[in-house]
Amino acid sequence: MCARPSTSAPNSPINPPMKGPTSHTFYSQRLRLHYAEWGDPDAPPLLLVHGGRDHCRSWDWVAEQLEKDYHILAPDLRGHGDSQWIQGGAYVHTDYIYDLAQLIHQKNIAPVKIVSHSLGGNISLMHTGVYPENVSKLVAIEGLGPPPEFVKERISQPIADRLDKWIGEMRGISGRVPKRYKTLDEAFERMQAENAHLSADQARHLTVHGISQNEDGTYSWKFDNYIRAFPAIGIPFEDQYKLFERITCPVLLIRGTESWASDPLVDGRIKHFQNAKSINVEKAGHWVHHDQLEIFLEHVTAFLKD
């Protein structure tokens, strides 16, 4: 077993040990879903929504800096972290949106501010388009979905071809056994290889909170492999853009210049928002909040202020 990971912010002086959040559950569509909570319950609410194959504790460094001003809730999406996996294998955006709506409804935290990443960003944007009155400010790190070129190619495929490809993906995943690592260090090395920007402390922290020990003593990632399949049928991209157009609160779109994501100012997608600002962060990939934490926090704290 590895030593307890350091949780100090990267590239900054050593801080006192991070005070961990409390863990809670709520129910959505009969699934038991987990969320972490920081800060004073009487403070203004803030949701942190992670991306695909991630978990709520990937926000720890952000929450550590924001909990003095906000009551923070960070859910584990269904099929991720310490939330339950679904029966079947179709993880679709409509269900994710429902889960987010349920957390906001059950905890009675609307209007709420949201900081989100990737899949979580896309979910948060579409939820806000459905319920614009429930969100007062929204940050989305690369949450617009695939670049327009990918979208154009996908929607041009006949539905029979899309379904055939999806069925093949599902069959492949059904025979895929979750990878087992003999030691936590092996999993840590895989985490480091996934993102070269991560410090050793960051990678170890993300690994410790993102992995479970199997009965035979090996380790496997917590997320359900079925989340890897791209749904054959979901919310059409044109309808997603219509939801973006309904968002009335200020929106901050953040992108890493070393990421695969395209720039919404260049590809034109920022036109779908009533009140949005887009920024690019240098020397950052897809996980901007990990790769350039201090710069990310400067932008976000300034944006979230009333």
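Helix content alone sets the calculated 222 nm mean residue ellipticity of the chain: runs of n ≥ 4 DSSP H residues at -39500 (n - 2.57) each, divided across all residues, give -10500 deg cm²/dmol.
Counting charges near GLN213 (Lys, Arg +1; Asp, Glu -1) among other residues having Cβ under 13 Å from its Cβ returns a value of 0. Using 0.36 nm per residue and subtracting the Cα-Cα separation, the extra length available between TYR27 and ASP40 on full extension is 2.4 nm. Taking a ≥ b ≥ c as the square roots of the eigenvalues of the Cα gyration tensor, the stretch 227-306 is oblate, since a/c reaches 1.5 or more and a/b is not larger than b/c.
Which shape class applies to the stretch 50-201: rounded if a/c is under 1.5, otherwise prolate when a/b exceeds b/c and oblate if not, where a ≥ b ≥ c are the square roots of the Cα gyration tensor eigenvalues? Verdict is oblate for the stretch 50-201. Toward the positive end of the charge dipole of the stretch 253-306, with +1 on the Cβ of Lys and Arg and -1 on the Cβ of Asp and Glu, the farthest Cα among LEU297, ILE254, TRP287 is that of ILE254.
Most tightly packed first, judged by the mean number of other beta-carbon atoms within 10 Å of their residues, the peptides 91-98, 119-126 read 119-126, 91-98. The charge dipole of the stretch 58-215, taken about its Cα centre with unit charges on the Cβ atoms of Lys, Arg (+1), Asp and Glu (-1) only, comes to about 340 debye. Once C-alpha pairs closer than 8 Å and six or more residues apart are averaged by separation and normalised to the residue number of the stretch 29-142, the relative contact order reads 30 percent. Charging the Cβ of each Asp and Glu at -1 and of each Lys and Arg at +1, and nothing else, the dipole of the chain about its Cα centre rounds to 500 debye. Averaging Cα coordinates gives a centre for the stretch 133-149 and one for the stretch 261-304; these two points are 10 Å apart. Which number gives the lysine pairs in the stretch 64-193 that have C-alpha atoms under 24 Å apart and are eight or more places apart or on different chains? Close lysine pairs found across the stretch 64-193: 7. Judged by the gyration tensor of its Cα atoms, with axes a ≥ b ≥ c, the stretch 151-306 is oblate; a/c meets the 1.5 cut and b/c is at least as large as a/b.
For the stretch 106-256, DSSP calls about 30 percent of its internal beta bridges antiparallel.
Assuming charge only on the beta carbon of Lys and Arg (+1) and of Asp and Glu (-1), the dipole of the stretch 162-306 about its Cα centre is about 440 debye to the nearest 20. The listed peptides 135-148, 218-231, ordered by packing as a protection proxy, come out as 135-148, 218-231 (highest mean of other Cβ atoms within 10 Å first).
When the stretch 121-240 is described by a simple charge dipole with +1 on each Lys and Arg Cβ and -1 on each Asp and Glu Cβ, the residue from ALA203, PRO236, ILE123 located farthest towards its positive end is ALA203. The simple spin-label model puts a point 7 Å past each Cα toward its Cβ; for LYS165 and ASP267 those points are separated by 1.5 nm. Scoring 195-204, 47-56 by mean Cβ neighbours within 10 Å over their residues and listing the highest first yields 47-56, 195-204. Measuring max minus min along each principal axis, the C-alpha atoms of the stretch 80-167 give extents of 43, 31, 21 Å (largest first).
Computed from the coordinates by the stated procedures, all read-outs in this text should not be read as laboratory data. Given the structure is predicted, the values throughout are model-derived calculations rather than measurements. As a convention, Cβ positions derive from the backbone with ideal geometry for all residues, glycine included, and neighbour counts pool all protein chains shown.
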